[in-house]
Amino acid sequence: MSNNNSRPTGIVPMSQKIAFGLGMLANQMFPAALGIFMVVLVENLGMPPWMWGITFFLPRILDAFIDPIMGFISDNTRSKWGRRRQYVFIGAIIMGISFVVMWQLYRENSIDYNFYYFLIWSIVFYFGLSIFSVPYVAMGYEMSDDFHERTNIMAISQWIGQWAWVIAPWFWVVMYDPSWFPNADTATRTLAVWVGISCMILAMVPAIFIKSKSTLNEDSFSPLTFKTMGGSLKEIFLSFVEAFKNSPFRKLCIATFFIFNAFNTVAGFTFFIVVYYLFNGNSSDSGIWPTLFGCLGALSTTFIVIPLVSWMSKKMEKKKAFLLCQGISVFGYILLWFLFIPGKPYMFIIALPFFSFGIGSLFTLMMSMTADVCDMDELISGKRREAIFGAIYWWMVKFGFAIAGLLTGAIMSFVDFHPGAATQTEGAVTGLRLFFSGIPILGTLIAMWVMRNYDLSEVKAREIKKELDIRRNSDKKQSSSNLPEKLSSIDDDEFQLNTVSGINLNSKSQTEIDH
């Protein structure tokens, strides 16, 4: 039996979209702030690049393995609050408190002490992030079953979430301005309190205001008990494998992995390129230019990219919009190589709108397409598994983020770049610049090649929706209380219920499935 008791249809009220978007603001602000604060570990607290890489890698890898388990738990939760809200609320609290605590680092402590302290609390933070983000993302997939309304929901949530990337770069100004704080590590300890508490409150908003129906009496869910945990873990693994066999979904995951991984591998280089290449290593002279790079890029995404992507997806299909946007971003990365000009920092501003199309379009389109895939999965399996699909998709994102952390440290070591040093070895900054443009271009081109034959079009998605509507209406008629005599006949020995909840397509070719 598929869980259809809370399936929405049509247009979603703007208040619900905004509530979901405020959760996205928290979901984006935490990594945005982390990206800024992490520089303090090497620049001010003296951690070597290999420690920096481990603090990026290990917590995110553990988090990535927790996500599918959290997806299974959320999808199968019986509660009067539904399947998602309670986890979003609890996860928000864990995230907020642990984020504040993990940044209470002091240079008077040893490097080893700060390393292990930060690593342990990072693991706690990412555990809370899994509890929050997996059911939260699933909420977004469930909000509508309309092909274009899904894009609208994700566009609005990404528009609100992008303000995190507008705000966070200004932390550079606060952290390195002595009139605010004596040093960057002192600033980070204070800013972490404001970020942690405000984002905790924002993350609670979807849990409080987004509507959901009770699943207390849902009899199709797998049991969530310690006694059945072994079987549940097996089902988690099988669901993971089954979902990844879905060809359109697999393409979404792989493409996201390459784009997001490539972007985050070099994102941390921006500060060092601006300071050491444009301003010869003088962070005071660099002023607000590192901030402007991130802030203006985010503003371009907010006011140019997301509205255009939403419009393009309606005019030319989601896949074509994705390919066009990523092609524009490749052009932007090429421009950045030529427009980082010492003495003329304002020149890189020209490249930012083009560069912003990469990440700016990624999650708006990919989350919308993942919601379409969930419908396709229901048609095949008979189950609604938004959290499992969301967990797997974000597993790829987080796994890529973890790999990016290791690669960042490895690249800095490879080019012999030393954060915090007054001068750098010959070729170190040029090496960073080569990787800064080259890795995202390569990752984006691979993603575009993967997505070239993505085939879950609007026509196909609407056909799937029509089939699901027919099935749901049929299920309602068959279980109607107006047919007591027919229902009572089920008890007769000569009748047997057909308990198959989905369609067995194992023997069908891809062509037959498509038609």
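The values are calculated or read from the model by the stated rules, or taken from the named source; none is laboratory data. Just so it is clear, the structure is predicted and the values come from calculations on it, not from any experiment. Note: ideal-geometry Cβ built from the backbone for every residue, glycine included; neighbour counts use all protein chains shown. For the accessible areas, the whole protein counts, side chains as well, though only heavy atoms, and no ligand, DNA or RNA atoms are used. Shrake-Rupley method; radii C 1.70, N 1.55, O 1.52, S 1.80 Å.
Of 245/466; 319/398; 17/460; 383/465; 213/314, which sit over 21 Å apart, Cα to Cα?
Cα-Cα > 21 Å for 245/466; 319/398; 17/460; 213/314; rest within.
Just check segment 1-139 against the gyration tensor rule for me: Cα atoms, a ≥ b ≥ c as the square roots of the eigenvalues, rounded for a/c under 1.5, and otherwise prolate or oblate depending on whether a/b exceeds b/c.
Verdict is prolate for segment 1-139.
Between residue 304 and residue 120, what FRET efficiency comes out of the Förster formula 1/(1 + (r/R0)^6) with R0 = 45 Å and r the beta carbon distance, rounded to 0.05?
So, using R0 = 45 Å, E works out to roughly 0.65.
Does segment 333-460 come out rounded, prolate or oblate by the C-alpha gyration tensor, with a ≥ b ≥ c the root eigenvalues, rounded set by a/c under 1.5 and, if not, prolate when a/b is larger than b/c and oblate if not?
Because a/c hits 1.5 or more and a/b exceeds b/c, segment 333-460 counts as prolate.
Please list 3J(HN,Hα) in residue order for segment 29-44, calculated via the Karplus relation 6.51 cos²θ - 1.76 cosθ + 1.60 where θ = phi - 60°; whole Hz, with x for glycine and proline.
Those phi angles translate into 5, 4, x, 4, 5, 4, x, 6, 5, 4, 4, 4, 4, 9, 6, 10 Hz.
Report, to the nearest whole %, how much of the accessible area of segment 149-200 belongs to carbon and sulfur atoms, 1.4 Å probe, protein only.
78 percent
Taking only protein heavy atoms into account and a 1.4 Å probe, give the accessible area per residue of segment 293-426 in Å².
34 Å²
Using the heavy atoms of the protein chains and a 1.4 angstrom probe, tell me the accessible area per residue for segment 12-167 in square angstrom.
31 Å²
Summarise the accessible area of segment 1-132 (1.4 Å probe, protein heavy atoms) by the percent that is carbon and sulfur.
Carbon with sulfur: 72 percent of the solvent-accessible area.
Each residue of segment 273-278 in order: what ³J(HN,Hα) in whole Hz does its phi give by Karplus 6.51 cos²θ - 1.76 cosθ + 1.60, θ = phi - 60°, with x for Gly and Pro?
The phi angles translate into 5, 4, 6, 8, 9, 7 Hz.
Work out the FRET efficiency for residue 213 and residue 241 from their Cβ-Cβ distance, taking R0 = 30 Å, and round it to the nearest 0.05.
Result of the calculation: an efficiency of 0.50.
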